[in-house]
1. Considering only the range 233-278, state which residues are among the β-branched types (Val, Ile, Thr) and in a helix (DSSP H, G or I).
2. Please give the number of the condition PHE406 fails out of (1) in contact (Cβ under 8 Å) with a residue 24 or more places away in the chain; (2) surrounded by fewer than 19 Cβ atoms within 10 Å (Cβ to Cβ); (3) not hydroxyl-bearing (Ser, Thr, Tyr).
3. Just for the range 163-173: of the residues that are surrounded by fewer than 19 Cβ atoms within 10 Å (Cβ to Cβ) and of a type outside the set (Asp, Glu), which one is nearest to PRO334 (Cα to Cα)?
4. Only one of (1) modelled with pLDDT under 95; (2) within 27 Å of HIS430 (Cα to Cα) is not met by ALA359, so which one is it?
5. Looking at the range 230-257, which of the residues that are of a type outside the set (A, V, I, L, M, F, W, C) and crowded, with 20+ Cβ neighbours inside 10 Å is farthest from LYS319 (Cα to Cα)?
Amino acid sequence: MIFKALSILFWIIIELLIDRYVLQGIRGAFQKWRLLQSKAFAIFYWGCSALCIAALITGGYADFAGTGVRAACLLITFILLICKFTFILFIFADDIRRKFLLKRKTSAATTPTLTPTASHNQAAPATTTNIQTIPRSEFLLKAGLLAAAVPLAAIKTAMPKGSYDYHVWYQNMYLPNLPKAFDGLRIGQISDIHSGSFYNKKAVLGGVEMLLKEKPDLIFFTGDLVNGEASEMTDYQDIFSKVKAPLGVFSTLGNHDYGDYGDWYKLGDKKKNHQDLIATHKNMGWDLLLNENRRLKINGEEIGILGIENWSEYSRFPKYGRMDLAVKNTDDLPVKLLLSHDPSHWRAEVLPKYPQIDAMFAGHTHGMQFGVRTEHFQYSPIKYVYNEWAGHYQENMQQLYVNVGFGFVGLTGRVGILPEITIFTLKAGHDPSLPIS
């Protein structure tokens, strides 16, 4: 709790220092604009700064805000910081330039000079026409403001393009106790469809076809089929009904799948909506796991597929999951694969209480739909909220994979963190890239 409070205080101080420097730069760029030099503008400016700080706290720390609100707050704050940092580079360059000039003037003032006396025969110096020019400081600062707008324009342009730019990620998953019959098994994972946000059926179908082209042996879907209402799937059920695999499609629910974020006229409407959503999974041929498990059998050997309802470490998200029910009668299985929507569940409950879970498959974070992700590097502001937010993680013998989502919510589009289809290959034995403990 103390660390969290200090972290909040640190970011508030940083934000205030940046905003003070930016205000100085704006006023320097428009020195003749009386409004910008006025007290009224200062009040307005610091009011906007307070809103940015509130957005930062809401996005990173507030328990009362929903996923979409938190993601939007974090993204807006982060984009504004990029713009401010760009502008600050120009302010800093101008400060250095002015200090250098001041040093030269001071040096020149201390050096004695001889002024020649004009003779009567000398002609008076010719008068030159005054040409109005923009002072260098003003020009540099205005150029900085223009440069600061470039990242904002680039992000605005790129975000819609990333909505349906599906990418396939490949991951080998080594399991020491994996039966021979499952060695080489291919699992496909998609997560966070959020059908209520879609506006292009052809593009969505293209993503589904990319998944099927990989020919996975079985498929996992790890929650958030809709934004809140089962009816959102009306136009997309036929597309996702095509998601089939020889050994089946196993699914679970996410925090958006319970209708908790909607305004229901009466309690019965919410209950019916939830029943309709469960029926949608069944109609598509998906095996929905609600705090239960299935035995997957190949050539007489078995592993367990477990799925729980939403369980989050954070109080703002529901805890419907029951691991005690999901693991029931699975003690004899050599490998147990868990579907659980929220990755915070792994560190909060799975690691300390359920060492028998070999690997957990999650989604939920979306990678905030903004950041950088390559094969060897990834960054998103969502890392300040979730320890595990994208890709593969391992602690001792237990593993977690976080899929950044097939769809989008809150923000219409993605930048850098693109919609994901994951293909796992199960391998018996120890990961050769890791040291043997």
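1. Scanning the range 233-278 gives ILE239, ILE278.
2. (2)
3. ASN172
4. Condition (1) is where ALA359 drops out.
5. The qualifying residue farthest from LYS319 (Cα to Cα) is TYR236.
The values are calculated or read from the model by the stated rules, or taken from the named source; none is laboratory data. Predicted model, so just to flag it, every value in this text is computed and none were measured. We place every Cβ from the backbone using ideal geometry, glycine too, and count neighbours over all the protein chains shown.
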